[in-house]
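Read the structure below first, then the notes.
The values are calculated or read from the model by the stated rules, or taken from the named source; none is laboratory data. Worth saying up front: this structure is predicted, and the values here are computed from it rather than measured. FYI the Cβ positions are ideal-geometry reconstructions off the backbone, even for glycines, and counts take in every protein chain you see.
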Amino acid sequence: MNNRCSILDGFITGNAVLSGFMVISPIIVCGNTIMNSLALIYAFSAITFLSVTIGSFIPKKLSFGFKTIIHAVIASLVYIPVKMAAEEFFPGVIERIGIYFMLVAVNSIIVVQSQTKFHNMTKGKMTVSLICHILGFDVVMLVISAVRELLAYGTFCGRIVDADMFISGLGMPFGGFILLGLACGLYRSIVPSVKNDDIAGGGSNVSDF
Amino acid sequence: MQNKIKSQRFIWIDIMLTLLALVTMEYFYYGARTLALSGICVSVSFVAEIISLRLMKRKFTADDLTCISDSLILCLMLPAVMDYTIASIACVFAVVVAKNIFGGRKNMIFSPTAAAYVFLLTSWKSQVLMFSEPHVHTGIFENAEHLVSSASHGFNTSGRMNYTDFEILMGNVSGPAGAVSILLLAVAAVILILRRDISFGAFAGTVIGTAFLAFFVPVCNNQWDSLKYTFSTNMVLFAAIYIISDRRIAPKRNYYAFFYGFFIATFSYILVITTGKENVIVILSVLFAPVSLGFRNLENQIDTLVKEEKDAEDLWEAIKSGEFEIPEAEEVLTDE
Amino acid sequence: MFLISEFVVLLGANLILTQALGLSTLFIAAGSRKNLLWTALTISVFTTLGSFGACLINGLLPDKLYDIRLLLYILVIGAIYVILLTVLYFSDRKKFGTTRKYVHVSAFNCAVMGTLFTVSEKSADNMGAYVLAGAEAGIGFILAAFILTAAYRRLCSKEVPASFRGFPAMLVYLGIISMAVYALL
């Protein structure tokens, strides 16, 4: 039961965004409409899953620095076919998202967490835990972008909703900052197993490296 | 401690009295709509404060009534014909996001009013910067007609104000009613400074900084006109009294508060003459919050060092006078 | 006056306040002033040297091969990463254990990669413009680090509600500062 909980905690208690404060920038800047978020979710999920899985075959004896570079190179190679497919499924969105589509390829989960967390597990547990972490990001991204699109633009998935009041500031990056901060606070108050005294959040610290 | 609590409440009472005078002036120019707007802002702020304090598991005390003064200050910065819903959202933002998330009145980082005003500027710019003419009374449930830009906008774009000195003094110009009643604001400033309700250092820094630049880098051909118009536009005087000199935000020592106000005034004046933006001083008061925090951290460090020195001196005096005996080394070892 | 206008432009182009890049690194390093300062300086080194590499790559890479730009930028950052670690190791072996962590944290983070892409998108013409843009990004990160340091104790104090203490309050704090920057632009 404990093993199952620790594998699944990437989705709720160890959520990469709300608990670990990783991969925040795409949510804040680009997560203002559902269409943008779907494109980013696809990019993040595909690149992260494939990169971490392929990276699990790198010999562990290599130094931290070299493994980091290799993981980043793998992610950048995986990025190329993912982007080509994205241009087919999400035409026009790639231009709106801009550099954040590429930056998803160097997110903390691929570059750091893969070495410190995922590759220390067995392949099966790693796959489940990774999927949970990815789903955790996806859900947060979708919910935040839905709220922002509704409140800022009065649309839902591009369709106009009967709303009288728009708070256009929520569609801007500062709106993303504030809304994400509120969401994190709400998450901490709802999920009891997240330690509120853990100021570093996510367990990461400069001294961990 | 009791004296401290008492003085905070008296500060709030004094500020409320000056604000009520400004609200009365606003009512004179814009009618019952202003009272309705003020009432809604105050009610929403009050309810938001109670709910957020309950969620924080804290009791609502008389000191928490500062939410009312904050909401009135915000209301005085807005057009009299502002949409009620937008004003309510701003009040909730001021109380919850800009204040209580950071710990409430015991841990203030931003001026709640300034943060809420900047939030309105970024989200509803056109509604915030368009005003009805003075003496045009809009009904409580009516929509505003024939809105105009503020006198500040005219000054920023043309460098002139087409109003007499009397009209400027009495606030008979288009703009946020609370921020253009220059005579009332001047009286309020004198009262609040004499009663030590606002930071004199921050106020002096803001005024001197603005005056210095307005005189030596004038906007108009006439230096005195430049001085006069600079103080009566862009909420300079209003922000100097109620936002920059807020004792909860400004550095405690007048020396640091002076420079805090001076920097804000300098940056604000230069941005007004280079970019023509309205009410920049309010935006900069939010942006300079880290500067104020830096000064306050410095003050805390100085206070700590002074206290440690004083404690060391007291201890030395006690040892010299024989009141305090240094335990023998053997006794210490035995205890261990 | 020119300086103040430049300051406003610097704020407007700030990676953290307007593009939310490097937030995770900033929060990780926010635990102590020493960590924050050294991390910010290391990121500045990476952005400046990385912009130099980005200029070379953009000059040589044809438009058809645009998609491999990310790979090439990563290789450039990887090279700087290895060189910096080597220099630190041979310059002071005793302190290498302490100093290398700043390099590990700073190398492949969004602030550095984002700078390279942002600089490229600005279509700068010469090496000087690239390096200057990279240095400006680094200075912007240092500025954001100071802004956060000023309020760090208050954001982590016991007065802040437990749910918001630390990172959530930091996000809201940076959001309000970012809002003020947007209002100025």
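Quick look at the values:
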{"quantity": "Filter result (in a helix (DSSP H, G or I) and of a type outside the set (A, V, I, L, M, F, W, C)) within the range B:18-35", "calculated": "B:18, B:24, B:26, B:27, B:29, B:30, B:33, B:34"}
{"quantity": "Residue check for residue A:44: within 14 Å of chain C (Cβ to nearest Cβ) and modelled with pLDDT of 90 or more", "calculated": "yes"}
{"quantity": "Criterion: hydrophobic (A, V, I, L, M, F, W, C) and surrounded by 17 or more Cβ atoms within 10 Å (Cβ to Cβ) - qualifying residue of B:16, B:25", "calculated": "B:25"}
{"quantity": "Test: residue in the range C:49-58 that is of a type in the set (A, V, I, L, M), within 12 Å of the chain's Cα centre (by Cα) and either within 14 Å of chain A (Cβ to nearest Cβ) or surrounded by 15 or more Cβ atoms within 10 Å (Cβ to Cβ) (or both)", "calculated": "no"}
{"quantity": "Within the range B:47-77, tally of residues that are in contact (Cβ under 8 Å) with a residue 24 or more places away in the chain and either assigned to a helix (DSSP H, G or I) or among the aliphatic types (A, V, I, L, M) (or both)", "calculated": "21"}
{"quantity": "Only listed residue being in a helix (DSSP H, G or I), more than 19 Å from the chain's Cα centre (by Cα), at pLDDT 85 or above and within 9 Å of chain C (Cβ to nearest Cβ), chosen from A:169, A:185, A:176", "calculated": "A:169"}
{"quantity": "Scan of the range B:202-225 for residues that are surrounded by fewer than 22 Cβ atoms within 10 Å (Cβ to Cβ) and assigned to a helix (DSSP H, G or I), ordered by number", "calculated": "B:204, B:207, B:208, B:211, B:212, B:215, B:216, B:223, B:224, B:225"}
{"quantity": "Every residue from the range A:104-132 that is over 16 Å from residue A:58 (Cβ atoms) and in a helix (DSSP H, G or I)", "calculated": "A:104, A:105, A:106, A:108, A:124, A:125, A:127, A:128, A:129, A:131, A:132"}
{"quantity": "Residue C:32 being of a type in the set (Gly, Ala, Ser) and touching a residue at least 60 places away in the same chain (Cβ under 8 Å)", "calculated": "no"}
{"quantity": "Any chance residue C:96 is surrounded by fewer than 19 Cβ atoms within 10 Å (Cβ to Cβ), more than 10 Å from chain A (Cβ to nearest Cβ) and either among the β-branched types (Val, Ile, Thr) or touching a Leu at 6+ places or on another chain (Cβ under 7 Å) (or both)", "calculated": "yes"}
{"quantity": "Members of the range A:104-155 found to be without any contact (Cβ under 8 Å) to a residue 40 or more places away in the chain and within 14 Å of another protein chain (Cβ to nearest Cβ), listed by number", "calculated": "A:106, A:151, A:154"}
{"quantity": "Pair list, Cβ < 8 Å and 6+ apart or interchain, from the range B:104-128 residues that are within 9 Å of chain A (Cβ to nearest Cβ) and closer than 9 Å to residue B:90 by Cβ to residues that are assigned to a helix (DSSP H, G or I) and aromatic (Phe, Trp, Tyr)", "calculated": "B:119/B:93"}
{"quantity": "Condition check for residue B:230: crowded, with 18+ Cβ neighbours inside 10 Å, more than 12 Å from chain C (Cβ to nearest Cβ) and either more than 13 Å from the chain's Cα centre (by Cα) or charged (D, E, K, R) (or both)", "calculated": "yes"}
{"quantity": "Check on residue B:61, of a type in the set (Val, Ile, Thr) and touching a Phe, Trp or Tyr at 6+ places or on another chain (Cβ under 6 Å)", "calculated": "no"}
{"quantity": "Members of the range C:111-132 that are more than 14 Å from chain A (Cβ to nearest Cβ) and of a type outside the set (Ser, Thr, Tyr)", "calculated": "C:124, C:125, C:126, C:127, C:128, C:129, C:131, C:132"}
{"quantity": "Any chance residue B:155 is assigned by TED's automatic domain parsing to the domain that holds residue B:33, buried (at least 18 other Cβ atoms within 10 Å of the Cβ) and either touching a Gly at 6+ places or on another chain (Cβ under 8 Å) or not β-branched (Val, Ile, Thr) (or both)", "calculated": "yes"}
{"quantity": "Looking only at the range A:47-79, and only at residues there that are outside any helix (DSSP H, G or I) and among the hydroxyl-bearing types (Ser, Thr, Tyr), the one that is nearest to the other protein chains (Cβ to nearest Cβ)", "calculated": "A:63"}
{"quantity": "Qualifying residue in the range C:28-41 (condition: more than 28 Å from residue C:165 (Cα to Cα) and either more than 8 Å from every other protein chain (Cβ to nearest Cβ) or surrounded by fewer than 18 Cβ atoms within 10 Å (Cβ to Cβ) (or both))", "calculated": "no"}
{"quantity": "The lone exception for residue C:108 - which of (1) outside any loop (DSSP other than H, G, I, E, B); (2) at the interface with another protein chain (Cβ under 9 Å from one of its Cβ atoms); (3) more than 30 Å from residue B:57 (Cα to Cα) it fails", "calculated": "(1)"}
{"quantity": "Tally of residues being over 17 Å from the mean Cα position of the chain (by Cα), in a loop (DSSP other than H, G, I, E, B) and facing chain C (nearest Cβ under 10 Å) across the range A:80-103", "calculated": "0"}
{"quantity": "Subset of the range A:130-142 [crowded, with 22+ Cβ neighbours inside 10 Å and over 9 Å from the mean Cα position of the chain (by Cα)]", "calculated": "A:130"}
{"quantity": "Lone qualifier among B:83, B:64 - being of a type in the set (Asp, Glu) and within 17 Å of the chain's Cα centre (by Cα)", "calculated": "B:64"}
{"quantity": "Residue that is nearest to the other protein chains (Cβ to nearest Cβ), among those in the range A:11-41 that are of a type in the set (Ser, Thr, Tyr) and surrounded by fewer than 24 Cβ atoms within 10 Å (Cβ to Cβ)", "calculated": "A:13"}
